[in-house]
Amino acid sequence: MKLINFIRFFLIKKITIPALLKEFGGVFEEAGYKAYLVGGAVRDIFLGKKASDWDVATNATPQDVMKLFKFVVPTGIEHGTVTVHYKKHEIEVTTFRTESGYSDGRHPDSVNYAATIEEDLSRRDFTMNAIAVDLKNGRIVDPYGGKRDIQKKLIRTVGVPRERFLEDGLRPIRAIRFSSQLEFKIEDKTYREISTEPVLKKISGISLERFRDELLKLLKAPKPSLGIKQMEETGILNIFIPEFTACRNCIQSDDRGYHIFDVFDHNIYACDGAPAAKPLVRLAALFHDIGKPAARTENTTPEGLKVFHFFNHEAESEKLARKIMIRLKFSNADTDHVCHLVKHHMFYYTPDWTDAAVRRFLVKVGSENIPDLIDLRLADMYGKYNQPVRLHDSAACDNLIEFQERIKAIEAKNQALSLKDLAVNGKDLIGIGIPAGKQLGTILNQLFEAVLEDPAMNDKEKLLEIAKKSIRD
């Protein structure tokens with residue numbers, strides 16, 4: 001059956017073009033130009049996925065395209081690319097081109113328009129991305145065996161791997177990201193070339209922002225750990241996040257049996273266990289224990305058990321996570337959110353917590369962060385054994401379920417969880433003779449503590465009476 005499916009796949013010569021895209025291609029045809037669907041959309045069609053972004057290659061120049069359509073944005077006109085707004089779609093259109101010289105490791109030194117789609121496909125990175133479909137009739141143009149490689153789930157460069165990688169240092173990282181996203185194997189010769197000295201040198205020259213963007217795309221893969229391991233094996237990870245080096249072979253498994261993986265593998269498996277739709281939670285999972293090597297201590301109990309401790313590792317992990325995210329130029333908001341999750345990931349709720357303790361926890365971490373923090377705790381559990389966490393799998397999991405229910409119950413009562421929720425404010429305290437300044441702030445915090453302990457105290461008269469007593473004392 002596999003052989004039959006392979007032959008059927010290989011023999012496909014045409015595909016059905018979506019009606020709107022066929023109509024779009026008809027505009028080129030009527031003007032005497034050729035137009036082809038190219039890039040990821042074609043790959044996705046062969047993978048049976050819905051193509052969301054359409055890229056078109058044509059022998060029309062950007063100036064020609066701007067004459068054919070009413071709404072055109074010159075997004076990359078120096079490289080022959082414009083974006084056409086067509087019936088609520090944004091379609092990137094690029095003139096057939098060849099490229100030469102990549103002295104900056106990213107942009108071609110010269111771009112020349114090409115005569116045919118085959119010439120255009122020759123400049124592309126991987127065979128799976130070097131397939132075109134004629135918008136006129138759905139005919140497939142596949143000069144480098146991309147269809148075959150997609151069927152074989154193989155990532156292979158167009159031409160010599162080293163030449164392709166030395167043109168653009170991001171391509172090896174893209175190969176690894178595609179490998180994780182699509183669960184494809186990188187062809188052996190292509191993979192070996194990534195870790196060679198010339199290619200690693202070229203990779204080290206790419207901008208930190210480009211690496212960051214590829215990392216975020218990788219975090220959306222079914223299992224980011226696959227790509228992160230490949231980045232470790234090839235040396236890429238050490239270029240951009242060298243802090244992970246200390247995590248490899250930092251052993252956690254002691255005589256208590258709490259962990260089976262070293263810190264490196266635990267972190268990347270925890271990353272797998274976080275929701276794919278939440279890249280920042282996955283990033284927090286990736287970094288949540290990165291400070292453990294610096295915090296690791298070892299001792300032997302009176303019973304002779306060897307025990308490893310990682311006291312306060314969450315603080316060290318937060319510090320390293322912030323350093324890494326600043327280096328990779330993440331936004332301040334994303335950096336603060338990820339670091340906040342890392343800082344507080346070690347909470348451990350037990351049923352004996354009082355309602356006041358739950359309210360204090362909500363104040364400390366922010367109720368808006370609770371869903372992400374719960375997801376991070378579940379990811380941490382996943383990372384211990386590289387297995388999904390199922391409901392009622394353990395006491396810790398049951399406790400988290402109960403914790404969420406208690407939080408919902410407290411939030412439903414609209415109890416005071418911030419100073420602004422108090423029944424009194426600074427103006428009220430000034431009205432009873434408390435001067436503005438440090439003392440007023442101290443008293444407001446005391447009143448807030450009283451309300452956290454007993455929500456019934458959030459009454460203006462009661463709180464003012466407590467404040468007056470504070471003055472007298």
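A compact table of results
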| quantity | calculated |
| --- | --- |
| Out of K292, K323, sole residue that is in contact with a Ser or Thr (Cβ under 8 Å, 6 or more places away or on another chain) and of a type in the set (D, E, K, R) | K292 |
| Which listed residue, of E232, E303, is charged (D, E, K, R), part of a helix (DSSP H, G or I) and either within 25 Å of R174 (Cβ to Cβ) or modelled with pLDDT under 95 (or both) | E232 |
| Residue pairs meeting the criteria (Cβ under 7 Å; at least 6 apart or on separate chains; first within 22 Å of D149 (Cα to Cα), in the stretch 35-64; second crowded, with 16+ Cβ neighbours inside 10 Å and of a type in the set (K, R)) | F46/K147 |
| Selection count where residues are without any contact (Cβ under 8 Å) to a residue 40 or more places away in the chain and among the acidic types (D, E), scope the stretch 393-422 | 4 |
| Qualifying residue in the stretch 422-435 (condition: under 41 Å from the mean Cα position of the chain (by Cα) and at pLDDT 95 or above) | yes |
| Contacts under 7 angstrom Cβ, first residue in the stretch 423-448 being under 16 Å from E465 (Cβ atoms), partner not in a helix (DSSP H, G or I), 6 or more apart | A423/N458; A423/D459; I443/I434; L447/L422; L447/V424; F448/L422 |
| Filter result for the condition that a residue is more than 19 Å from C247 (Cα to Cα) and modelled with pLDDT of 95 or more, over A284, A270, A276 | A276 |
| Residue count, the stretch 142-177 (criterion: under 10 Å from V199 (Cα atoms) and free of Cβ contacts under 8 Å to residues at least 24 places away in the same chain) | 1 |
| Any strands (runs of 3 or more DSSP E) falling wholly within the stretch 1-104 and containing at least 2 residues that are hydroxyl-bearing (S, T, Y) and at pLDDT below 90 | 97-100 |
| Total residues in the stretch 426-473, condition under 24 Å from K413 (Cα atoms) and outside any helix (DSSP H, G or I) | 3 |
| Number of positions in the stretch 282-295 that are under 14 Å from R377 (Cβ atoms) and either surrounded by fewer than 24 Cβ atoms within 10 Å (Cβ to Cβ) or touching a strand residue (DSSP E or B) at 6+ places or on another chain (Cβ under 8 Å) (or both) | 0 |
| Residue under evaluation E298, criteria (1) surrounded by fewer than 23 Cβ atoms within 10 Å (Cβ to Cβ); (2) within 13 Å of L376 (Cα to Cα), criterion not met | (2) |
| Unmet requirement for E316, which otherwise passes all of (1) assigned by TED's automatic domain parsing to the domain that holds G273; (2) surrounded by 13 or more Cβ atoms within 10 Å (Cβ to Cβ); (3) farther than 16 Å from L286 by Cβ; (4) not aromatic (F, W, Y) | (3) |
| Test: residue in the stretch 334-351 that is among the charged types (D, E, K, R), free of Cβ contacts under 8 Å to residues at least 60 places away in the same chain and crowded, with 16+ Cβ neighbours inside 10 Å | yes |
| Subset of the stretch 233-263 (residues that are buried (at least 18 other Cβ atoms within 10 Å of the Cβ), polar (S, T, N, Q) and within 30 Å of P198 (Cα to Cα)) | T234 |
| Of the criteria (1) crowded, with 16+ Cβ neighbours inside 10 Å; (2) closer than 21 Å to A276 by Cα; (3) in contact with a Lys or Arg (Cβ under 9 Å, 6 or more places away or on another chain), which one Q230 fails | (3) |
| Any chance D168 is of a type in the set (D, E) and not assigned by TED's automatic domain parsing to the domain that holds L200 | no |
| Residue in the stretch 247-262 that is modelled with pLDDT of 95 or more and of a type in the set (A, V, I, L, M) present | no |
| Hey, R139 of a type in the set (D, E, K, R) and outside the structural domain of V42 (by TED's automatic domain parsing) or not | no |
| Boolean, D380 is under 16 Å from V281 (Cα atoms) and either in contact with a helix residue (DSSP H, G or I) (Cβ under 8 Å, 6 or more places away or on another chain) or surrounded by fewer than 19 Cβ atoms within 10 Å (Cβ to Cβ) (or both) | yes |
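The values are calculated or read from the model by the stated rules, or taken from the named source; none is laboratory data. These numbers were taken from a predicted model, which means no experiment stands behind them. Methodologically, a virtual Cβ is constructed for each residue, glycine included, from the backbone with ideal geometry; neighbour enumeration extends over all protein chains shown.
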